[in-house]
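K.L.:
This is the structure I have questions about; it appears just below.
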Amino acid sequence: MRLNPKVEISEDGFLFNTENGDNFLLNSTAIEIINLIKNRKEYDEIKKHFLENYEIKETDFDRYFFEFLDDLKKHNILIY
Amino acid sequence: MNKIKLKIGLSGLNANDNPGPGVPVARALKEAEKIEASLIGFAYENLEPGIYMNFLFNKVYQLPYPSSGKEIILERLLYIHNKEKLDVIIPNFDSELLTFINLSEQLKELGIKTLLPTHEQFEARQKSNLVSFCNKYNLNTPKTISVFNLQDLYTNIDKFNFPVVVKGQFYEAYIAGNYEQTVMYFNKLSNKWGLPVLIQEYLNGTEVNVIALGDGNGNVINYVAMRKLYITDKGKGWAGVTIKDDNLLNLTISFFKNTKWNGPLELEIMKTDNNYYILEINPRIPAWVYLTVGVKQNLPQSLVLLALGEKINPNLDYEPGIMFIRYSWDLISNIKKFKTISMYGEL
């Protein structure tokens, strides 16, 4: 997984796409996922991180995580 | 650095809910690093806010409407020039541009420089000619027809799916969801701006705007792309942010290389997935030009220097994420000034 290099993300979660002006506010969970992706973690490692550190069912994690990835891809924030 | 002292005349001093470019151009020139500008405003209506901005304009003169004809306007410009000794004129309204293009040689003989597209360039990119213009230069544009009467509209509306965009030949555009709305907007726009009225295919996407300055030799001297963040009910951008889209830049470079456009222009573009559609080509500076000062390009300064024959290196780089936010501001003035401009046509 790779983030679009044209996207700037501040430490406190303001995301700005310099190519098209799209901007979003990320919540703390989204910031955490983005930081893991930035550190080149893939799905298995991200999932392991959340299951170990939060009380969340595996099925719930998968559902929310892939919904989030779909949003990132739709807005050209995540590129493969 | 020694600044060049210049007297510059400019129009577009309206700054209401549909603001003209004159006031932001004036602000940009006052902040120019290479020019010490003494600004002379040209107004058409006596309540144009720029008239009362004596912190920007040394003097303001009322001009006759463009419909008065070239000779009447030249006569007024001669009067102004005799008093002010103008170096450069920057016309900022679509409706007056053709007059100034036609007068440019006579103005040049008087020592007044302009930087304007040629007559051919101006006509070629008119809204009613946009489809053939874009086809010639391999640019995408939405399907558009010119409508001269209601019979035309009735005959051709089936070529479109609703909604459609109904556009005046100079200004304003409305989205019509059905035939009745289309007729209503046709009547409104034809009464206000004349004929033809344009019917344009509606595209779903992100609207982006480009301001650029060409030197007439195929080169782009300044370029800034912007996305509107807030749009008023009149369709005006009230806030925007700079963006850097390589495809947009390449489209702009190619446009100027092919057309050899002389002077400023604004491209209104709709980006859908990966296609870029030209919605309009405005042959003058747009009202958001002050953003170019915000990104250290100061397009009005470059325009004046080019008009004077100076050679300028292209400056196409800028920082994305720089915003403009427009605001409303009450000026305090005196009825005596209103009286003076109304009765004597100058202030």
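K.L.:
Among the numbered criteria (1) closer than 23 Å to B:K136 by Cα; (2) buried (at least 20 other Cβ atoms within 10 Å of the Cβ); (3) under 20 Å from the mean Cα position of the chain (by Cα), which single criterion is violated by B:I199?
P.N.:
(3)
K.L.:
Next up: Just to be sure I understand, how many residues within region B:118-145 are more than 20 Å from the chain's Cα centre (by Cα), at negative phi and not in a helix (DSSP H, G or I)?
P.N.:
7
K.L.:
Inside region A:5-37, can you point out the residues that are closer than 15 Å to A:L78 by Cα, within 14 Å of another protein chain (Cβ to nearest Cβ) and not aromatic (F, W, Y)?
P.N.:
A:P5, A:K6, A:V7, A:E8, A:I9, A:L15, A:N17, A:T18, A:E19, A:N20, A:D22, A:N23
K.L.:
Would you pick out the residues in region B:20-46 that are farther than 25 Å from B:K339 by Cβ and assigned to a loop (DSSP other than H, G, I, E, B)?
P.N.:
B:P21, B:E31, B:A32, B:E33, B:K34 - these are the residues of region B:20-46 that are farther than 25 Å from B:K339 by Cβ and assigned to a loop (DSSP other than H, G, I, E, B).
K.L.:
Scan region B:204-213 and tell me whether some residue there is within 14 Å of chain A (Cβ to nearest Cβ), touching a Ser or Thr at 6+ places or on another chain (Cβ under 9 Å), assigned to a loop (DSSP other than H, G, I, E, B) and at pLDDT below 95.
P.N.:
yes
K.L.:
Would you mind stating whether B:D246 is of a type in the set (D, E), within 13 Å of chain A (Cβ to nearest Cβ) and touching a residue at least 60 places away in the same chain (Cβ under 8 Å)?
P.N.:
Considered against the rule, which asks whether it is of a type in the set (D, E), within 13 Å of chain A (Cβ to nearest Cβ) and touching a residue at least 60 places away in the same chain (Cβ under 8 Å), B:D246 comes out as no.
K.L.:
Listed residues A:R2, A:R40; which is away from chain B (no Cβ under 14 Å), free of Cβ contacts under 8 Å to residues at least 24 places away in the same chain, among the basic types (K, R) and over 28 Å from B:V224 (Cβ atoms)?
P.N.:
Checking each option against the conditions leaves just A:R40.
K.L.:
Now for a separate question. Please give the strands (runs of 3 or more DSSP E) falling wholly within chain A in which 3 or more residues are surrounded by fewer than 11 Cβ atoms within 10 Å (Cβ to Cβ).
P.N.:
Numbers: elements: A:7-9, A:14-17, A:23-25.
Hits in chain A: none.
K.L.:
Being farther than 23 Å from B:P283 by Cα and more than 14 Å from chain A (Cβ to nearest Cβ) is the requirement here; does B:D152 meet it? Full working, then the answer.
P.N.:
Numbers: farther than 23 Å from B:P283 by Cα: yes; more than 14 Å from chain A (Cβ to nearest Cβ): yes.
Yes: the conditions hold for B:D152.
K.L.:
Suppose we filter region B:318-330 for residues that are within 14 Å of chain A (Cβ to nearest Cβ) and over 22 Å from the mean Cα position of the chain (by Cα); how many remain?
P.N.:
3
K.L.:
Going by the structure shown, is B:V220 aliphatic (A, V, I, L, M), out of contact with any Cys (no Cβ under 7 Å at 6 or more places or on another chain) and more than 14 Å from chain A (Cβ to nearest Cβ)?
P.N.:
Yes; evaluated as a whole, the condition is true for this residue.
K.L.:
When both residues are 6+ apart or on different chains and their Cβ atoms are under 9 Å apart, which pairs have a first residue that lies in region B:308-322 and is within 13 Å of B:V293 (Cα to Cα), and a second that is loosely packed, with under 14 Cβ neighbours inside 10 Å?
P.N.:
B:N315/B:K296; B:Y318/B:K296; B:E319/B:K296
K.L.:
Of the conditions (1) crowded, with 20+ Cβ neighbours inside 10 Å; (2) at pLDDT 90 or above, B:R125 clears all except one; give me its number.
P.N.:
(2)
K.L.:
Do we find that B:L229 is among the aliphatic types (A, V, I, L, M), surrounded by fewer than 22 Cβ atoms within 10 Å (Cβ to Cβ), within 11 Å of another protein chain (Cβ to nearest Cβ) and farther than 18 Å from B:Q126 by Cα in this structure?
P.N.:
Considered against the rule, which asks whether it is among the aliphatic types (A, V, I, L, M), surrounded by fewer than 22 Cβ atoms within 10 Å (Cβ to Cβ), within 11 Å of another protein chain (Cβ to nearest Cβ) and farther than 18 Å from B:Q126 by Cα, B:L229 comes out as yes.
K.L.:
Now a separate question. Identify the residue in region B:70-113 that is small (G, A, S) and touching a residue at least 24 places away in the same chain (Cβ under 8 Å) and, among all such residues, is nearest to B:T340 (Cα to Cα).
P.N.:
Filtering first and then ranking leaves B:S95.
K.L.:
Oh, and also: When the residues of region B:323-347 are filtered to those that are part of a helix (DSSP H, G or I) and of a type in the set (D, E, K, R), which remaining residue is nearest to A:T18 (Cα to Cα)?
P.N.:
To start, the set of residues in region B:323-347 that are part of a helix (DSSP H, G or I) comprises B:335-344.
Checking which are of a type in the set (D, E, K, R) leaves us with B:336-337, B:339.
Numbers: B:K336: 49, B:K337: 46, B:K339: 49 Å.
Looking at the filtered set, the residue picked out is B:K337.
K.L.:
Touching a strand residue (DSSP E or B) at 6+ places or on another chain (Cβ under 9 Å), of a type in the set (S, T, N, Q) and crowded, with 24+ Cβ neighbours inside 10 Å: which single residue out of B:N92, B:N46, B:N14 fits that description?
P.N.:
Values: B:N46 fails: crowded, with 24+ Cβ neighbours inside 10 Å; B:N14 fails: crowded, with 24+ Cβ neighbours inside 10 Å.
Testing whether each residue is touching a strand residue (DSSP E or B) at 6+ places or on another chain (Cβ under 9 Å), of a type in the set (S, T, N, Q) and crowded, with 24+ Cβ neighbours inside 10 Å leaves just B:N92.
K.L.:
Continuing with the same structure: I'd like the full set of residues that are within 30 Å of B:Y223 (Cβ to Cβ) and either exposed (fewer than 10 other Cβ atoms within 10 Å of the Cβ) or in contact with a Gly (Cβ under 7 Å, 6 or more places away or on another chain) (or both), limited to region B:324-347.
P.N.:
B:F324, B:Y327, B:S328, B:W329, listed by residue number.
The values are calculated or read from the model by the stated rules, or taken from the named source; none is laboratory data. Quantities reported herein were computed from a predicted structural model and do not represent experimental measurements. So basically every Cβ, Gly included, is an ideal-geometry build from the backbone, and we count neighbours across all protein chains shown.
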